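Data block below; observations after.
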Amino acid sequence: PRFERIAQESGVPLAAVRAIAAVESTGKADVLRFEPHMFLKARPDLKNVVKYTPKGPRQAWSVISSETGRAAFEVAFALDQIAAMNSASFGSYQVMGNYLLKLYPNPVQAYVAWKDDPEQVSDRMFVLWLKDHPAVVAAAQLPNWEKFARAYNGPGQVAVYAAKLQDAHTVALTA
């Protein structure tokens, strides 16, 4: 019923909702990914406190779990709650924290609400994000996974992400 509700509220087909959750978090709602490069862009003064190792010269994101996990987020959150929230993706669909702050403007309340009921909060964030991005909904309806991937995750690794979505969508269609 959870994915069905999201499909109904957002207009994204059920198989697409399942595919997105599978690719973003393997369906787990309590997943958080902290993006230290985003945090340090907002707070360069904290570069000696928040650890960050870029994947490569043209790939700004970190792939080191100790820099991108919940503990790293909580260090950053203690330093600057808003910057930390805006630098992390939450839940089943890995929606950025600015959408969590749209649901709960107080960052402490937002984080506690997500920790207390990650599935429900994750679903609400995703529907809110989709309502703000009708072109992405249209891409998921087709489906056009490359267009979806570019809009949802940005211009990096579109083909890789689109292929993962296509594979997960094929599986979801038979579920």
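Summary table below
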item	result
Tally of residues being assigned to a loop (DSSP other than H, G, I, E, B), open to solvent by 50 Å² or more (accessible area, probe 1.4 Å), in contact with a Ser or Thr (Cβ under 7 Å, 6 or more places away or on another chain) and modelled with pLDDT of 90 or more across region 18-59	1
Candidate set: region 69-88, residues that are touching a helix residue (DSSP H, G or I) at 6+ places or on another chain (Cβ under 7 Å) and either open to solvent by less than 20 Å² (accessible area, probe 1.4 Å) or among the charged types (D, E, K, R) (or both); chosen: the one nearest to Ser25 (Cα to Cα)	Ala88
Residue within region 85-102 that is free of Cβ contacts under 8 Å to residues at least 12 places away in the same chain and among the charged types (D, E, K, R) present	no
Residues within region 23-55 that are out of contact with any Leu (no Cβ under 9 Å at 6 or more places or on another chain) and on the phi < 0 side of the Ramachandran plot, tallied	22
Qualifying residue in region 2-18 (condition: touching a residue at least 12 places away in the same chain (Cβ under 8 Å) and under 19 Å from Gln157 (Cα atoms))	no
Subset of region 127-156 that is touching a strand residue (DSSP E or B) at 6+ places or on another chain (Cβ under 9 Å) and surrounded by fewer than 18 Cβ atoms within 10 Å (Cβ to Cβ) - its residue that is farthest from Glu4 (Cα to Cα)	Gly156
Residue ID - farthest from Lys47 (Cα to Cα), chosen from residues in region 60-88 that are assigned to a helix (DSSP H, G or I) and in contact with a strand residue (DSSP E or B) (Cβ under 8 Å, 6 or more places away or on another chain)	Arg70
Single unsatisfied condition, Val95 versus (1) of a type in the set (Val, Ile, Thr); (2) open to solvent by 10 Å² or more (accessible area, probe 1.4 Å); (3) within 26 Å of Val23 (Cβ to Cβ)	(2)
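The values are calculated or read from the model by the stated rules, or taken from the named source; none is laboratory data. Computed from a predicted structure; not experimentally measured. We place every Cβ from the backbone using ideal geometry, glycine too, and count neighbours over all the protein chains shown. Protein only, heavy atoms only, side chains kept; ligands, DNA and RNA dropped before computing areas. Shrake-Rupley method; radii C 1.70, N 1.55, O 1.52, S 1.80 Å.
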